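Here the structure is laid out as structure tokens; the discussion comes afterwards.
The values are calculated or read from the model by the stated rules, or taken from the named source; none is laboratory data. The model shown is predicted, which means the values in this text are computed figures rather than measured ones. For neighbour counting, all protein chains shown are included, and Cβ atoms are generated from backbone atoms with ideal geometry for every residue, glycine included.
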Amino acid sequence: MSVLKVEGLGINFGGLRAVDRFHIEIKEKELVGLIGPNGAGKTTVFNLLTGVYAPSDGSILLNGESIVGLSVDAIAEKGIARTFQNIRLFNELSVLDNVKIGMHTHIKYSFVDGLFKTKTYFKQEELMNQEALRLLKLFHLDQYQDYKAGNLPYGKQRELEIVRALASNPKLLLLDEPAAGMNPNETLELMKTIDKIQKEFNIAILLIEHDMKLVMGICKKITVLNYGTVLASGSKEEILNNKQVIRAYLGE
């Protein structure tokens, strides 16, 4: 079954056609890479999928249900979570609290419960603490649970952002250049983290990344975007041998 199916997706910014006839299909537990030169429209596609931008045309189906026109919060509740090219943690909050914030889409107490600190509030807070700690332990971040997020090493901040996204229990995880700014050792740890997500969670992943070694190392399917249009889609072997892709990257 397709978790995500996108057809004919496009958006105009004034006279600029930023994305044109974009299409992609991702099945359950698939890890798909979305690559392309700088300015190709990759992050714009993520913004369309998550409701930051409303498409000018085209369709987006999540588990067979249209999400076009829904708000960012509504799409998150439907099951799409994302990370960002620039880390967006709450630096002054603890690592544990950052993960708990990721659970906001399925909090089960009301505003009144929170205001008056009812039994329901304390019960749900305890359940959230337990789940957040479970996720941190799974990714070996539990030793940092009381640290301020902004005090973590850069690579650990990247991992924490991914864990926070997983805390929303998504059906589709969008990773926007997770290896940006990482050294080779941190990138290797990131590859292990993504591999663990593939094994431990029943979710699909769409990955934007410029590190081709990482992409080719973990993605079985790749879509190439150039000037807002899909240039090629296929296995990594097909992409590596595609002359149009080579020209787009090397300018030949």
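Is it the case that the range 240-250 has a residue that's among the aromatic types (F, W, Y), under 30 Å from F13 (Cα atoms), touching a residue at least 24 places away in the same chain (Cβ under 8 Å) and not in a helix (DSSP H, G or I)? Checked against the condition, which is being among the aromatic types (F, W, Y), under 30 Å from F13 (Cα atoms), touching a residue at least 24 places away in the same chain (Cβ under 8 Å) and not in a helix (DSSP H, G or I), the range 240-250 yields no hits at all. Within the range 115-137, residues that are surrounded by fewer than 16 Cβ atoms within 10 Å (Cβ to Cβ) sit with their Cβ atoms under 6 Å from residues that are in a helix (DSSP H, G or I) and modelled with pLDDT under 90, at 6+ positions apart or across chains, in these pairs: T120/D113. Against the test of being within 26 Å of V224 (Cβ to Cβ) and exposed (fewer than 14 other Cβ atoms within 10 Å of the Cβ), the options G69, G64, G39, G58 yield a single qualifying residue, G39. Could you please let me know if A40 is within 20 Å of A179 (Cα to Cα), in contact (Cβ under 8 Å) with a residue 40 or more places away in the chain and among the aliphatic types (A, V, I, L, M)? Judged against the criteria, A40 is a match. Give the residues of the range 55-74 that are touching a strand residue (DSSP E or B) at 6+ places or on another chain (Cβ under 8 Å) and at negative phi, sorted by residue number. Answer for the range 55-74, where residues must be touching a strand residue (DSSP E or B) at 6+ places or on another chain (Cβ under 8 Å) and at negative phi: P55, S56, D57, S59, I60, L61, L62, S66, I67, V68. On the stretch given as the range 77-97, residues that are small (G, A, S), in contact with a Pro (Cβ under 8 Å, 6 or more places away or on another chain) and not in a loop (DSSP other than H, G, I, E, B) total 1. Residues of the range 178-211 that are surrounded by fewer than 16 Cβ atoms within 10 Å (Cβ to Cβ), more than 16 Å from the chain's Cα centre (by Cα) and assigned to a loop (DSSP other than H, G, I, E, B): G181, N183. Restricting attention to the range 120-131, does a residue exist that is modelled with pLDDT under 95 and under 30 Å from V6 (Cα atoms)? No - not one qualifying residue is present in the range 120-131. Is it the case that some residue within the range 222-229 is over 30 Å from K243 (Cβ atoms) and in a loop (DSSP other than H, G, I, E, B)? No, every residue in the range 222-229 fails to be over 30 Å from K243 (Cβ atoms) and in a loop (DSSP other than H, G, I, E, B).
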